[in-house]
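One structure is given below, represented as structure tokens, and several questions about it will come after.
The values are calculated or read from the model by the stated rules, or taken from the named source; none is laboratory data. Please read all numbers here as calculations on a predicted model, not as lab measurements. Note that each Cβ is placed from the backbone with ideal geometry, even for glycine, and that neighbours are counted across all protein chains shown. These accessible areas exclude ligands, DNA and RNA; they are computed on the full protein's heavy atoms, side chains included. Shrake-Rupley method; radii C 1.70, N 1.55, O 1.52, S 1.80 Å.
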Amino acid sequence: ADVEYEAYEDDEVAADARDAVYMETEEIPVPEPSAPIPEPEKGYSIISFDAYVDGNISTMGDVEIQGSVNGDITAKGNVDVQGSIRGDVVGEKIGLYDSKVKGNLKAVTGIVQDSNSILVGNIATKNIILGGKVKGDIDTLGMTALRSSAYYVGNLTTGSIAIENGAVINGSVRTITNGDLNEPFEMI
């Protein structure tokens, strides 16, 4: 389509007007990024004391649960629970502080539970410190510590164990070793 332009005294103004019309119809090329786009920084999410979430939570960063969650929680970072959860929890480290959890826990490096927390579910982690009530099986490759306030019901498989006086265990305890279990008895 031909576009008519008003006659301008200044030819440069007329050229700018023509260029503006062509820019509206031409596709503008998008330059390729010169460097890879960085991954987003890990964030910190908080579910406050007065909040209730009915659904799963997934985050690249840390999450703190002060309220109630009915769903699974998956975090690339740490998960601190001060509220209640009905669902599985996965994170780098998991802390249970004055909390109630019904679901399985899986932490890459460790789990810490205070004396006011209750967990009903299985646990898989590298190291764990129990101080509250737990009902479920525990698998740890590293160290398990039961504080004097711990009350544990289930089957425990661990690399090593430390039990404070007063802790209660109702179930089996099995330590895993890298060597032959009969080796210490070969001298007899």
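Could you list all residues from the stretch 125-151 that are open to solvent by 50 Å² or more (accessible area, probe 1.4 Å) and either out of contact with any Gly (no Cβ under 8 Å at 6 or more places or on another chain) or among the hydrophobic types (A, V, I, L, M, F, W, C) (or both)?
Scanning the stretch 125-151 gives Lys133, Asp139, Leu141, Met143.
Let me ask something else. What is the residue count in the stretch 97-124 for residues that are over 20 Å from Glu164 (Cα atoms), of a type in the set (Ser, Thr, Tyr) and open to solvent by 10 Å² or more (accessible area, probe 1.4 Å)?
So the count comes out to 1.
Can you tell me how many residues within the stretch 60-74 are open to solvent by 10 Å² or more (accessible area, probe 1.4 Å) and either closer than 11 Å to Val90 by Cβ or among the β-branched types (Val, Ile, Thr) (or both)?
2
Related question: Tell me which residues, restricted to the stretch 63-102, are over 22 Å from Asn127 (Cα atoms) and part of a strand (DSSP E or B).
First, the residues of the stretch 63-102 that are over 22 Å from Asn127 (Cα atoms): 66-71, 83-84, 86.
Selection gives Ser68, Val69, Asn70, Ser84, Arg86.
Could you say whether any residue in the stretch 152-168 is within 30 Å of Ser48 (Cα to Cα) and open to solvent by 70 Å² or more (accessible area, probe 1.4 Å)? Outline the logic, then answer.
Quick first cut of the stretch 152-168, residues within 30 Å of Ser48 (Cα to Cα) only: 152.
This time we only want the ones that are open to solvent by 70 Å² or more (accessible area, probe 1.4 Å), so: none.
Within the stretch 152-168, none of the residues are within 30 Å of Ser48 (Cα to Cα) and open to solvent by 70 Å² or more (accessible area, probe 1.4 Å).
I'd like the full set of residues that are more than 17 Å from the chain's Cα centre (by Cα) and part of a strand (DSSP E or B), limited to the stretch 48-62.
Once the filter is applied, which keeps residues that are more than 17 Å from the chain's Cα centre (by Cα) and part of a strand (DSSP E or B), the stretch 48-62 yields Tyr52, Asp54.
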